[in-house]
Amino acid sequence: MFTKAFWKATGERSVRTFAQVLVGSLGLDTLGIIHANWSEGLALGAGASVLTVLTAIATSGGTEGPGITETVRSRQ
């Protein structure tokens with residue numbers, strides 16, 4: 001958890017989660033399934049992103065990666 005590779009992988013995962021939730025919420029709004037404007041979509045994405053980082057920290061015990069079974073390799 002205290003490596004640059006861990007935080008790089010966690011940051012990448014967090015950005016992907018943010019984008020997926022934002023696109024998903026706006027897409028579901030377009031289909032009329034839920035009603036979410038841009039500010040609500042951004043808030044949902046930010047919340048999911050924070051949860052992603054917290055999950056990575058909580059599951060990092062014993063591994064170098066942000067996931068339970070992952071090992072992040074640094075490129076040299």
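Coordinate-derived values only; no laboratory data. None of the values given here were measured: they were computed from a predicted structure. Backbone-built Cβ (ideal geometry, glycine too); neighbour counts: all protein chains shown.
Evaluate the following for L51: is it hydrophobic (A, V, I, L, M, F, W, C), without any contact (Cβ under 8 Å) to a residue 40 or more places away in the chain and more than 30 Å from A5 (Cβ to Cβ)? No; evaluated as a whole, the condition is false for this residue. Number of residues in the stretch 4-40 that are of a type in the set (A, V, I, L, M), more than 14 Å from V50 (Cα to Cα) and crowded, with 16+ Cβ neighbours inside 10 Å: the value is 3.
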